[in-house]
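Participant: My questions all concern the structure below.
We did not get these values from a lab; they are worked out from the coordinates using the rules stated. This structure is a prediction, so every number in the text was calculated from the model and none was measured. Here Cβ is always computed from backbone atoms with ideal geometry, including for glycine, and neighbour counts include all displayed protein chains.
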Amino acid sequence: MLSVSKTAFFYLFIAIISEVFATSALKSCEGFTKLRPSLAVILGYTLSFWFFAKSLKGISLGMAYAIWAGAGASLIVIVGWAFYKQPMSAASLLGILLVIAGIIIMKIG
């Protein structure tokens, strides 16, 4: 059986993946004019917020939001580069590393 903390972080992980899925689908829905990608956006964000709210039972709001927003933004940069051929600059890569470092510092602080 998972502890409350492990469960909360599992919920946060699902929230992040759902948010990245939804944000990635925004590119394909073309202003909500295409049904399937639009439904993917709605489903993804709904799941993301639901799991994010559930994660708050075991993680402080500030920590959970920092991880959710930072990991989500970092993953979207990677998804944009990998699937949409968007450039990833050295500054983008440095930004991702700084987000990770900031989350680690918050966690141990």
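Participant: Over the residues of the chain, compute the C-alpha Rg and express it relative to 2.2 N^0.38 Å.
Facilitator: In units of the globular-protein estimate, the chain measures up at 1.15.
Participant: Here is a further query. Calculate the length of the line joining the C-alpha centroid of the stretch 23-54 to that of the stretch 71-94, in whole Å.
Facilitator: 19 Å
Participant: To the nearest 0.05, how large is the calculated FRET efficiency for K85 and K57 if R₀ is 41 Å and r is the Cβ-Cβ distance?
Facilitator: 0.55
Participant: Identify the trypsin sites (Lys or Arg not before Pro) of the stretch 10-109 meeting these criteria: DSSP loop state and at most 14 other C-beta atoms within 10 Å of the C-beta.
Facilitator: K34, K57, K85
Participant: Just to be sure I follow the definition: excluding the sites themselves, where is the longest run in the chain that has none of the chymotrypsin sites (Phe, Trp or Tyr not before Pro) in a DSSP loop with at most 12 other Cβ atoms within 10 Å?
Facilitator: After excluding every exposed loop site, the longest remaining stretch is 33-83.
Participant: Report the gain in length on full extension from A66 to I78: 0.36 nm times residue separation, minus Cα-Cα distance, nm rounded to one decimal.
Facilitator: 2.5 nm
Participant: For E30 and S92 in one chain, what is 0.36 nm times their gap in residues minus the Cα-Cα distance, to one decimal in nm?
Facilitator: 19.8 nm
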